[in-house]
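One structure below.
The values are calculated or read from the model by the stated rules, or taken from the named source; none is laboratory data. Predicted model, so just to flag it, every value in this text is computed and none were measured. Ideal geometry is used to build each Cβ from the backbone, glycine not excepted, and the neighbour counts take in all protein chains shown. Quick note on the areas: whole protein, heavy atoms, side chains included, nothing else; ligands and nucleic acids left out. Shrake-Rupley method; radii C 1.70, N 1.55, O 1.52, S 1.80 Å.
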Amino acid sequence: MGKRAKLSDVAERAGVSPTTVSRVINHKGYLSEKTIARVEAAMAELHYQPNHLARSLQGKATKLIGLVFPSLENVFYAELINQLEQSLAKRGYHSFLTISEYNGDKERDSIGMLLANQVDGMIVGAHQLTEKDYGAIHAPIVSFDRYLGENIPIVSSDNYAGGRLATRQLLQHHPKKIVMITGNNDPQSPTYQRFQGYRDEMAAANRDAVWFSMADAKTPLQKQLKLKHLLTTQEIDGLFCSDDMTALLVFNVCEELGWQIPTDLKLVGYDGTHFIKHYMPKLTTIKQPLEDMAELMVELLLARINDEPLTDKRYVLPISLLDGKSC
């Protein structure tokens, strides 16, 4: 497990004394521009962030965990973050939440801010940066859903099995044309694994796998317009949405068109949050084990913080079907 960079690490990298590094940080005394540049370069390379409060703790744990996620508008992320905060609180830790808005620069800034506050570790659900970016961070990290580096454990649900199960649920009703609505089909994304499951299940049934990407639709209105165009120009009677929020928009479009679900259109979503269970129980969806994933991520991160060995680097939890009668 990588340790957070210390002032002495910066001094060694820059080839100067710790006192010189401290003088650069605190802008005290005369130093040449060359020396200042060397120290600042070493700080950047090591992702070292000076923090007066953390220094006053004299090496003690801050009991603070950074959470880096792309959005709170996505109900699944909101519920996962809530579970993470509760799980951390039970163990005496506080959470520092940052939102990257699917933007690499904001993700980098979020991480820099967390390191500046000397968090004990991070749980990362935003994935715009590269393996190289995360590999240079000297702090324990656990990733949600994507590969971030060789020494960073990943927790996810079985997205591939979920894609197959959702497709199987549609196929059992023998619809004439099934389409999957996808998001960003980046091979490293969880929705891509759902897409792969969909394609393989369709192939096993000797059916053509047809899909439609919503990646360029940035707002619910844009998505709804694209869905309306799709449903009115294609003879679709089976639809698999890679997330529940898109499936809710399908309900809106069908109501506008005067269609009945599941009579005119069989529909399956993905995520199975508490929000869906309580406010749209008629949606058939694939449920991710949200509470179990949150607990596991916290347990793994605390193990890394305490230098405990991990049995694996990839942890995949099983999914299940919530039969809401929309399929």
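Structure values in brief
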{"read-out": "FRET efficiency, Ser32 to Asn103 (Cβ-Cβ, R0 41 Å, nearest 0.05)", "value": "0.65"}
{"read-out": "Lysines whose Cα lies under 25 Å from that of Lys6, excluding same-chain neighbours fewer than 8 positions away", "value": "Lys28, Lys34, Lys60, Lys63, Lys106, Lys132"}
{"read-out": "Cross-link reach list, lysines versus Lys282, counting only Cα pairs under 20 Å and skipping chain neighbours closer than eight places", "value": "Lys266, Lys325"}
{"read-out": "Accessible-area value, Asp237, 1.4 Å probe, nucleic acids and ligands omitted, Å²", "value": "40"}
{"read-out": "Per-residue ³J(HN,Hα) for the stretch 161-166, Karplus 6.51 cos²θ - 1.76 cosθ + 1.60, θ = phi - 60°, Hz, x for Gly and Pro", "value": "5, x, x, 5, 5, 4"}
{"read-out": "Karplus-derived HN-Hα couplings along the stretch 290-298 (A = 6.51, B = -1.76, C = 1.60, θ = phi - 60°), whole Hz, x at Gly and Pro", "value": "4, 5, 5, 5, 4, 4, 5, 4, 5"}
{"read-out": "Beta bridge orientation in the chain: antiparallel %, DSSP, nearest 5", "value": "10"}
{"read-out": "Of the chymotrypsin sites (Phe, Trp or Tyr not before Pro) in the stretch 136-166, those whose Cβ has at most 15 other Cβ within 10 Å and which sit in DSSP loop", "value": "Tyr147"}
{"read-out": "Listed residues Leu88, Leu115, Leu230, most fluctuating in the chain (Gaussian network, C-alpha, under 10 Å)", "value": "Leu230"}
{"read-out": "Positive-end residue of Asn252, Leu148, Pro50, charge dipole of the chain with Cβ unit charges", "value": "Pro50"}
{"read-out": "Selected from Gln196, Gln222, Gln188 as most flexible by GNM, with the chain as the system and alpha-carbon contacts under 10 Å", "value": "Gln222"}
{"read-out": "Two-site FRET efficiency, His173 against Gln86, from Cβ-Cβ distance with R₀ of 56 Å, rounded to 0.05", "value": "0.90"}
{"read-out": "Cβ-placed point charges (K, R +1; D, E -1), dipole of the chain about Cα centre in debye, nearest 20", "value": "500"}
{"read-out": "Angle in degrees between helix 104-116 and the longest Cα principal axis of the chain, rounded to the nearest 10", "value": "40"}
{"read-out": "Candidates Thr273, Thr130, Thr284, ranked by Gaussian network fluctuation over the chain, Cα under 10 Å, top entry", "value": "Thr130"}
{"read-out": "Amide hydrogen neighbours beyond the local backbone of Met214, cut-off 5 Å, H modeled", "value": "Thr182, Gly183"}
